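The values are calculated or read from the model by the stated rules, or taken from the named source; none is laboratory data. Worth saying up front: this structure is predicted, and the values here are computed from it rather than measured. Here the Cβ positions follow ideal geometry from the backbone for every residue, glycine too, while neighbour counts run over all protein chains shown.
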Amino acid sequence: MKFFSDLFGTAQPAPSSLPSSPSPAHRPSVPLTPDRAPAGFSADDPRLPDAARPKVAELLDLATQIERRAKDDPLLVSALTEVRQMRDTHLPQLVSSYADIPPAHRAEIFRQTGRSASYVLTEGLEKMLDRLRALCRTMAQDNLDNFADNLRFIETRYGNRDPLG
């Protein structure tokens, strides 16, 4: 999975070890409208453990909110690209990689990490959510700063003025 190698510098599998037909996680991203999750992917995905469903729903919702707010702002192109990549590629790949572990072998994750595979999945989703929440805060801060500037202007222009002076 490419995004793990980007983050952790792990080597890519040799081309001969790649599957001959791409799995759903390896399909190219399809252009999406702001209000659509990746085709066939939702918080109701049966491969998700119950604890992960609300996190996936929140992630998809925040991604949609950010995309709607950022689509007309050329300064937010990189954030928009990151959000789309997270929603359209990284999230489905993470879920697919979890689902691809045979249930009988998920205990190996516990032996390696001291946590269940579903817990580790939920931790990964939470990291993605933290990033989306930070983007939302940054975008909201710009709006808050603009509002505060306008209030200062109104106060300076119209507040506490002597009507005769």
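Okay, here's what the table says:
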| read-out | value |
| --- | --- |
| Scope region 61-72; condition more than 16 Å from Gln141 (Cα to Cα) and surrounded by fewer than 19 Cβ atoms within 10 Å (Cβ to Cβ); matching residues | Asp61, Thr64, Arg68, Lys71, Asp72 |
| Unique residue being among the hydroxyl-bearing types (Ser, Thr, Tyr) and more than 21 Å from Ser42 (Cβ to Cβ) when the list is Thr64, Thr156 | Thr156 |
| Residue count, region 34-56 (criterion: under 15 Å from Met128 (Cβ atoms) and at pLDDT below 75) | 2 |
| Segments classed as helices (runs of 4 or more DSSP H), wholly inside region 69-121, with at least 3 members that are within 15 Å of the chain's Cα centre (by Cα), touching a residue at least 60 places away in the same chain (Cβ under 8 Å) and over 28 Å from Pro46 (Cβ atoms) | none |
